[in-house]
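Asks: Can you read through this structure? Questions will come right after.
The values are calculated or read from the model by the stated rules, or taken from the named source; none is laboratory data. Everything numeric here is computed off the predicted structure, so don't read it as measured data. Don't worry about glycine lacking a Cβ; one is built from the backbone with ideal geometry, like all the others, and counts go over all protein chains shown.
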Amino acid sequence: MASAKPKPEPGPKPDFFVVEDHLKCQTSEGEISLDLRIPIERLELFMDMDELDEKQIPKYLREQILWPEDRDKIVNMRDGAKAFAMLMRFAEEVGNRMGASLGESSPSTSSSEGTGGQSDSTSDATSD
């Protein structure tokens, strides 16, 4: 009689991951989910963030961009450093959804990974 192998125990969840339209954040206070769906008026405000001083961004996100229920989750956290990290990751993920990264001109690694074959073809063309 063959015994079934026990399933391996899953490892710890990453601090941040996206499930559909929500950023899931693992904290010492449990998992907190932030809604990444933002209405167009808030997206327009979001696009203006690159004009802000870096120190103003967390407050701007809380007051202008987040849904009120998500803002309450952030504001009521004991760990301010984790709350700050969550806000920054939230901004990054909203930017990813929009195809932008807060005014940075350099492409993200995820958007440039699928283009590996181009350099081979250009080097082949020059060796003809």
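Asks: Any residue in the stretch 55-67 that is modelled with pLDDT under 95, over 16 Å from the mean Cα position of the chain (by Cα) and part of a loop (DSSP other than H, G, I, E, B)?
Replies: No, the stretch 55-67 contains no residue that is modelled with pLDDT under 95, over 16 Å from the mean Cα position of the chain (by Cα) and part of a loop (DSSP other than H, G, I, E, B).
For (1) in contact with a Phe, Trp or Tyr (Cβ under 7 Å, 6 or more places away or on another chain); (2) among the β-branched types (Val, Ile, Thr), each residue gets a yes or a no:
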position: 16; (1), (2): no, no
position: 24; (1), (2): yes, no
position: 31; (1), (2): no, no
position: 44; (1), (2): no, no
position: 49; (1), (2): yes, no
position: 57; (1), (2): no, yes
position: 67; (1), (2): no, no
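Matching residues to (1) modelled with pLDDT under 50; (2) within 30 Å of residue 12 (Cβ to Cβ); (3) within 15 Å of the chain's Cα centre (by Cα):
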site	(1), (2), (3)
29	no, yes, no
38	no, yes, yes
47	no, no, no
52	no, no, no
84	no, yes, yes
102	yes, yes, yes
122	yes, no, no
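Asks: Check 15, 72, 21 and return the single one that is among the acidic types (Asp, Glu) and either within 19 Å of residue 99 (Cβ to Cβ) or surrounded by 14 or more Cβ atoms within 10 Å (Cβ to Cβ) (or both).
Replies: Selected residue: 21, the only one of 15, 72, 21 that is among the acidic types (Asp, Glu) and either within 19 Å of residue 99 (Cβ to Cβ) or surrounded by 14 or more Cβ atoms within 10 Å (Cβ to Cβ) (or both).
Asks: Which condition does residue 42 not pass, out of (1) of a type outside the set (Phe, Trp, Tyr); (2) in contact with a Leu (Cβ under 8 Å, 6 or more places away or on another chain); (3) closer than 15 Å to residue 97 by Cβ, if it passes all the others?
Replies: Unmet for residue 42, out of (1) of a type outside the set (Phe, Trp, Tyr); (2) in contact with a Leu (Cβ under 8 Å, 6 or more places away or on another chain); (3) closer than 15 Å to residue 97 by Cβ: (2).
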